[in-house]
Structures are given as structure tokens and as C-alpha cells.
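Q: My structure is below; once you've seen it, I'll send some questions.
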Amino acid sequence: QVHLVESGGDLVQAGGSLRLSCAASGSIFSRDSMNWHRQAPGAQRELVASIGSSGYTYYPRSVKGRFTISRDNANKTVYLQMNSLKPEDTAVYYCSSDSQGLRYWGQGTQVTVSS
């Protein structure tokens, strides 16, 4: 059973930065693809960043150039560095792990960007 715990969410002004962390346990981790998603009120959950076991990364156009995903396999942690934040980035941010054919989710962390 994979357990994921996010942290780092906060209230920040537009143009500011935040770094989210997601600590994993219960998996080999280094072989897992790790992802960050977000869900704003009334909206569907959307993928904002992925990093594969090889380090390959993916970002949708909405965050490309502003968000950076990274991983620390030794500490089983994945990070999301968010720069140049906009009010539309306000959402609950979730970490997920794709491990042995299953997807696991964290509980989420709130990011609020004020204008």
C-alpha cells in the first residue's frame, strides 16, 4: 500500500512562488511515475506535472515554464516548484503515484493565490 503525504500549500500573492512536497512510503518509489494534479472549486481535477522513473517530465501548456517537478529517490519525495503564480492557480493540489499498475493519491494541499 502506497501512502502519500503532501505539504507546502499556502496563501501567496500573485507573482509569488511556492514549493510543494509529497512524501511517499510503501513503494519502491524510484520505479514509480509521480504526478501532481490540481482541482479548483467546481472544476475537474487536472494534471499539472509528471515525472517518470527516468526523470522524463511533462507539463501542460497552462503551467509550462512556471512549474517544475523534481524527485529525490533517496528520500522518496517529489516536489513541485511553482513560480509566477496566478490567481487561476488556486486549487487543491494532489500528488499521485503510478506504482505497479495502480494509481495512489495523497490527501491534497491547498494553494491560494491572491490578486
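Q: Which of the residues spanning region 71-90 are open to solvent by 50 Å² or more (accessible area, probe 1.4 Å) and either free of Cβ contacts under 8 Å to residues at least 60 places away in the same chain or of a type in the set (A, V, I, L, M) (or both)?
A: Asn73, Ala74, Asn75, Lys76, Glu88
Q: Still on this structure, please answer the following. Looking at region 91-102 only, could you name the residues that are open to solvent by less than 40 Å² (accessible area, probe 1.4 Å) and within 15 Å of His37 (Cα to Cα)?
A: Of everything in region 91-102, those that are open to solvent by less than 40 Å² (accessible area, probe 1.4 Å) and within 15 Å of His37 (Cα to Cα) turn out to be Ala91, Val92, Tyr93, Tyr94, Cys95, Ser96, Ser97.
Q: It is to be established whether one or more residues within region 52-59 are within 10 Å of Trp36 (Cβ to Cβ) and β-branched (Val, Ile, Thr).
A: no
Q: Being among the β-branched types (Val, Ile, Thr) and more than 10 Å from the chain's Cα centre (by Cα) is the filter; apply it to region 59-88 and report the residue that is farthest from Ala23 (Cα to Cα).
A: Restricting to residues being among the β-branched types (Val, Ile, Thr) and more than 10 Å from the chain's Cα centre (by Cα), the top hit is Val63.
Q: Considering only region 11-44, state which residues are modelled with pLDDT of 95 or more, closer than 15 Å to Gly108 by Cβ and loosely packed, with under 13 Cβ neighbours inside 10 Å.
A: Once the filter is applied, which keeps residues that are modelled with pLDDT of 95 or more, closer than 15 Å to Gly108 by Cβ and loosely packed, with under 13 Cβ neighbours inside 10 Å, region 11-44 yields Ala43, Gln44.
Q: Right, something else. Restricting to region 13-27, what's the tally of residues that are assigned to a strand (DSSP E or B) and not charged (D, E, K, R)?
A: 8
Q: Oh, and also: Could you list, in sequence order, the residues of region 103-115 that are in contact (Cβ under 8 Å) with a residue 12 or more places away in the chain, open to solvent by 50 Å² or more (accessible area, probe 1.4 Å) and closer than 20 Å to Gly26 by Cα?
A: Within region 103-115, Trp105, Gln107 meet the criteria.
Q: Go through the residues of region 59-66 one by one and say whether even a single one is part of a strand (DSSP E or B) and either in contact with a strand residue (DSSP E or B) (Cβ under 6 Å, 6 or more places away or on another chain) or open to solvent by less than 20 Å² (accessible area, probe 1.4 Å) (or both).
A: no
Q: Shifting gears a bit: How many residues does region 45-58 contain that are open to solvent by less than 30 Å² (accessible area, probe 1.4 Å) and not in a loop (DSSP other than H, G, I, E, B)?
A: Here the count works out to 4.
The values are calculated or read from the model by the stated rules, or taken from the named source; none is laboratory data. As the structure is a computational prediction, the values presented were derived from the model and not from experiment. Backbone-built Cβ (ideal geometry, glycine too); neighbour counts: all protein chains shown. Just the protein is used for accessible areas: all its heavy atoms, side chains included, with ligands, DNA and RNA removed. Shrake-Rupley method; radii C 1.70, N 1.55, O 1.52, S 1.80 Å.
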